[in-house]
Amino acid sequence: MATQVAPEALNDPWTVRAAVRAGAFRGHTAALAPAFAQANLVVLPRHLAADFRSFCERNPKPCPILDVTAPGSPEPPKIAPGADVRTDIPRYRVYRDGELVEERDDLLDLWRDDLVAFLIGCSFTFEGDLIAAGVPVRHVEAGRNVPMYRTNRPCAPAGPFQGPLVVTLRPMPPGCVAEAIAITERYPAVHGGPIHVGDPADLGIADLARPEWGDPPAMHPGDVPVFWACGVTPQAVAIATKPPLMLTHAPGHMLVTDVPVAALAVS
């Protein structure tokens, strides 16, 4: 077994990916290499790729596409040349006919020549800017994964793909909400501004302490719930629409890309 690398030593994408590929890091990627963008992974057979691209284009808040690989290629050339989506993410999930059948450390023996990988922007990307502005990011403070919830809001369907929106939660003091909105709206390529502030029941979330994915929230007294669209949405869509095969990252375990966070900011 490889000697494990501490998260605080993983400050650039090349070090992160090398550690993951060597089996020296298997944790969630929140706060790793904070100057660089992170990406969710969705891998599908080629015959479903066009419909899934259309699904992403119709649902840009949860599914902003950063890169798409050529069929059979594991390299995302636009955002991480030389990276390998089969080995460079700390943890993967395998869905067959809508069922989560396995979590694993790599996709090497499952890879096929007809597979297409979609890299979708991740909201971990803008957390460094929030922290720099004095907006607390509670799961980072607590060393936890971000909490993620299935909502009652349907995504716009495309081909066979349909299902509910998934959101992340970042609770914060009321006085920080306007600043958090202003900062994150500058990053539409990684989900942009929040989709809801306040009562989780408006999203159909019954209990914040029981997220479907990630860790329970580390809320402080007086914190307001603030919700962003989440790149785990395609996994909820897989459960709803049952494609024969979908390979994904495990929630909170991302590909750390070569793209500087600053390069994604819009005015």
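Here is how the numbers come out for the structure above:
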{"item": "Model label zone, A178; criterion: amide N under 17 Å from point 7 Å along Cα-to-beta-carbon; scope the stretch 104-135", "result": "133-135"}
{"item": "Stretchable slack from R46 to Q4, in nm (0.36 nm times residue separation minus alpha-carbon distance)", "result": "11.5 nm"}
{"item": "Separation between Cα centres of the stretch 98-153 and the stretch 200-224, rounded to whole Å", "result": "17"}
{"item": "Free-standing Cys, the chain [no other Cys Cβ under 4.7 Å]", "result": "C122, C155, C176, C230"}
{"item": "Stretch gain in nm, segment E141-A209, where the contour uses 0.36 nm per residue and the Cα spacing is subtracted", "result": "22.8 nm"}
{"item": "Approximate spin-label separation A263-K78, in nm, with each point projected 7 Å along Cα-to-Cβ", "result": "1.2"}
{"item": "Contour minus Cα-Cα distance for I131 and N11 (0.36 nm per residue)", "result": "41.6 nm"}
{"item": "Gap separating the Cα centres of the stretch 25-45 and the stretch 225-267, nearest whole Å", "result": "9"}
{"item": "Neighbour-count order for R17, R104, fewest beta carbons within 10 angstrom listed first", "result": "R104, R17"}
{"item": "The chain, helix-only ellipticity at 222 nm - DSSP H runs n ≥ 4, -39,500 (n - 2.57), divided by all residues, nearest 500", "result": "-5000 deg cm²/dmol"}
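Any read-out appearing in this document is the output of simple, stated calculations on the displayed coordinates, not a laboratory observation. Everything quoted here is computed from the prediction, not taken from an experiment. Using ideal geometry, Cβ is built from the backbone for each residue, glycine included, and neighbour counts are taken over all protein chains shown.
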